[in-house]
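Read through the structure below, which is laid out as structure tokens, and then see the notes.
Values in this text are rule-based calculations from the coordinates and carry no lab data. The structure displayed is predicted, hence computed values, not measured ones. Heads up, the Cβs are rebuilt from the backbone with ideal geometry, glycines too, and the neighbour counts pull from every protein chain shown.
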Amino acid sequence: MTISAAEPALKRQGDGLSLGGWGWGALVVAGLVAMPIVVLVVLALSGPPDDFIKIATSVLPRSAWVTFLLLAGVSLVAGSIGSISAWLVSFFEFPFRRVIAWLLVLPLAVPTYISAYAFAEFFAFTGPIQGLVRQIGGFQLARDYWFPDIRSLPGAVMVLGLVLYPYVYLSLRVLFRLQGRRATEAAEILGASQRRIFFRVLLPLARPALALGIILALMEALNDIGAIQYLGVQTLTLSVFTLWANQSNLAGASQLALALLIAVGLLIWAERRARVGQMHAGPAPSSREPFERTGLSGTKAWAALVACSLPVIFGFGIPFLTLGANALRDLSDGIDRRLVDAVGTSVFLSLGAALVTAALALYLSYSVRLEGAKRMRILVRIASVGYAVPGTVLAIGLLLPLSFVDNLVDGFMRDWFGVATGLLITGSGATLIYAYSARFMAMAEGTIDGALSKISPNLDLAAMVYGQSRWGTLRHILLPLISPAILTAMALVFIETMKELSATMVLRPFGVETVAIYVHDLATAGRIEQGALGAFMIMLVGIIPVAILTHTAERSETSGGAVRVPSKARQIRSAAAE
């Protein structure tokens with residue numbers, strides 16, 4: 001039986017599943033992920049008109065203006081730092097360039113709220129900077145001199161920009177590596193200076209990648225609630241949480257969240273436009289083509305080193321050293337039992353979210369591989385939208401339907417069996433795992449789909465020649481091939497769940513506390529020193545996805561995207577090659 005003859009058999013395989021069955025399953029998964037957004041729209045439209053008018057005239061204008069200023073500031077800070085650092089490490093040779101190129105990604109390991117706590121501690125009246133100012137100027141009291149307040153809109157812009165600039169850096173560095181070399185060499189032949197090349201050649205060439213990196217940073221800034229709340233900046237996201245948590249106004253919070261969703265939709269549209277533009281940037285040379293960087297010496301070399309080191313020092317060094325010193329003092333006093341319980345809860349929830357999300361992402365990716373139809377890719381796109389939706393908005397959209405299911409089950413059990421089940425879903429960690437899976441589905445699906453796309457579909461057909469069903473092909477052939485990608489996806493979801501704060505603040509049941517909640521509660525109570533150990537643990541965990549990201553990027557460059565084949569699959573792959 002040849003492979004070409006096996007193709008029709010793919011549709012009549014006797015495993016009891018049709019291609020339509022996989023499609024319906026993917027539709028259910030996409031529906032579950034998209035359900036919070038649909039519920040949110042229904043809640044917003046069903047709210048009292050008076051509340052909508054009040055919110056539209058009092059809360060929305062100020063929150064929207066502050067959000068616009070925040071996003072504009074983050075765009076400027078993250079865009080400037082990311083583009084300059086990517087330019088320097090891509091086209092110039094200076095001391096420690098290879099180390100700096102890796103270190104520039106480290107701020108991604110610091111959650112924004114952790115960075116806000118550390119910066120507030122570092123620049124406080126009792127911190128080292130103001131202490132140095134008092135010592136130099138001979139001041140005694142805070143009123144004797146002026147010092148900028150970190151708990152302000154400019155402070156929030158600085159904190160978020162220093163943490164989120166790696167999105168711009170990574171996006172631009174990839175483009176510079178692939179498409180900037182030939183343009184630079186041509187401009188140098190024509191006698192253009194390096195500064196002129198940067199502003200007149202590279203930035204126009206990199207405009208789509210620059211826009212993509214900035215938009216990703218803005219989506220993270222728009223999702224933030226911990227840093228914004230701690231720094232006292234009233235954005236749309238924080239206003240949504242305040243209306244729900246402090247005023248118990250679910251309809252009003254949904255109406256305001258709808259405005260936030262519109263802002264997110266505009267960012268997604270801009271991101272798609274940036275991707276389309278990036279496809280027309282010109283042919284990419286091979287990554288193995290030799291490229292001679294311009295050597296810098298003397299003052300220019302050290303200026304480049306300082307320019308690339310400052311973002312690492314401020315974005316990663318200050319949080320790491322500040323919280324690390326406090327964590328050591330905290331360890332000397334013994335570990336808080338509450339922190340131990342919070343760590344256990346976080347690990348349990350993160351493991352559950354990693355397993356569920358990876359399993360659903362594998363199902364979606366394999367469904368696309370089986371059907372390959374446009375409608376399947378649309379379903380996957382819907383299932384991945386949760387990553388673009390702020391965690392607070394996603395959580396509010398989950399409350400009503402899950403509470404309805406809880407009450408329905410409880411009423412049924414009371415009426416028929418006389419047993420009160422209570423809040424089975426919303427009163428347990430199941431709600432949080434649901435929210436985490438919806439929030440990070442795009443991350444897991446992208447990783448697994450990327451690995452599956454490197455495997456030829458002929459391998460599936462060859463497996464059918466040997467009598468394998470679709471489930472058998474997935475289990476015995478594809479899973480061993482993509483197991484590293486699945487483990488990577490699980491690791492990324494696990495670590496992101498450990499750091500997640502916004503959705504957890506809204507959905508956590510009474511008595512359930514994660515490490516992020518533990519640190520946030522102590523920080524808002526003005527006792528960040530006691531939560532430094534937990535914050536430091538979160539930051540150390542955050543280094544892992546950064547290392548995975550860097551290792552994957554380097555491996556893809558050197559390996560050319562090759563997939564290692566386990567010995568069990570070699571025979572079938574040989575048949576596919578024939």
Whole-Hz couplings from phi, Karplus 6.51/-1.76/1.60, listed for segment 416-426; x for Gly and Pro: 9, 10, x, 10, 8, 8, x, 8, 5, 9, 6
Peptides ranked, highest mean first, by Cβ atoms within 10 Å: ranges 321-330, 78-87, 38-47: 78-87, 321-330, 38-47
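So between Asp336 and Arg475, what do we pick up on full extension, going 0.36 nm a residue minus the alpha carbon distance? Show your work: numbers first, answer last.
On the way: separation 139, 0.36 × 139 = 50.04 nm, distance 4.40 nm.
In short, 45.6 nm is gained.
For Leu132 and Leu310, what is the calculated FRET efficiency with R₀ set at 25 Å and r taken between the beta-carbons, to the nearest 0.05? Each step should come with its number before you reach the end.
On the way: r = 17 Å, r/R0 = 0.70.
So the FRET efficiency works out to roughly 0.90.
Is the shape of segment 474-526 rounded, prolate or oblate, going by the alpha carbon gyration tensor and its root eigenvalues a ≥ b ≥ c, with a/c under 1.5 for rounded and a/b larger than b/c for prolate?
In terms of gyration-tensor shape, prolate.
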Segment 47-281, relative contact order in percent, only Cα pairs under 8 angstrom and at least six apart counted: 31
Distance between modelled label sites at Leu321 and Ser152, nm, 7 Å Cα→Cβ extension: 2.4
Ordering of 505-511, 477-483, 459-465, 208-214 by burial proxy (mean other Cβ atoms within 10 Å per residue, highest first): 208-214, 459-465, 477-483, 505-511
Cβ-based charge dipole, segment 47-281, positive-most Cα from Ala257, Leu205, Ser239: Leu205
Leading residue at positive end of dipole, segment 47-281 (Cβ point charges), from Ile55, Ala86, Ile228: Ala86
Debye equation applied to the C-alpha atoms of segment 318-394, log10 I(q)/I(0) at 0.19 Å⁻¹: -0.94
Spin-label model distance (nm) - Leu45 vs Ala547, 7 Å beyond Cα toward Cβ: 4.9
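Fully extended, how many nm does the chain gain between Arg207 and Gln140 (0.36 nm per residue separation, minus their Cα-Cα distance)?
Numbers: separation 67, 0.36 × 67 = 24.12 nm, distance 4.93 nm.
Between Arg207 and Gln140, full extension yields an extra 19.2 nm.
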Estimated FRET transfer efficiency when R0 is 41 angstrom, pair Trp24-Ser80 (beta carbons, to 0.05): 0.25
Centre separation in Å (Cα based) which lies between segment 425-458 and segment 192-232: 27
Placed amide H near Thr294: partners under 5 Å, 5+ positions off or other chain: Phe92, Glu93
Cβ-derived FRET efficiency at R0 25 Å, Met35 paired with Leu423, nearest 0.05: 0.85
Inter-label distance, nm, simple model (7 Å from Cα along the C-beta direction), Trp269/Arg377: 2.2
Integer Hz, Karplus 6.51/-1.76/1.60 couplings in order for segment 391-406, x for Gly and Pro: x, 5, 5, 4, 5, 5, x, 8, 4, 5, x, 5, 5, 4, 5, 4
Gain on full stretching of the segment that runs from Phe348 to Ala186 - 0.36 nm per residue minus C-alpha separation: 52.8 nm
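I want the local charge near Arg143. Using Cβ-Cβ distances under 15 Å, sum +1 for each Lys or Arg and -1 for each Asp or Glu among the other residues. Working shown, then result.
Numbers: positive: Arg134; negative: Asp144, Asp149.
It works out to a net charge of -1.
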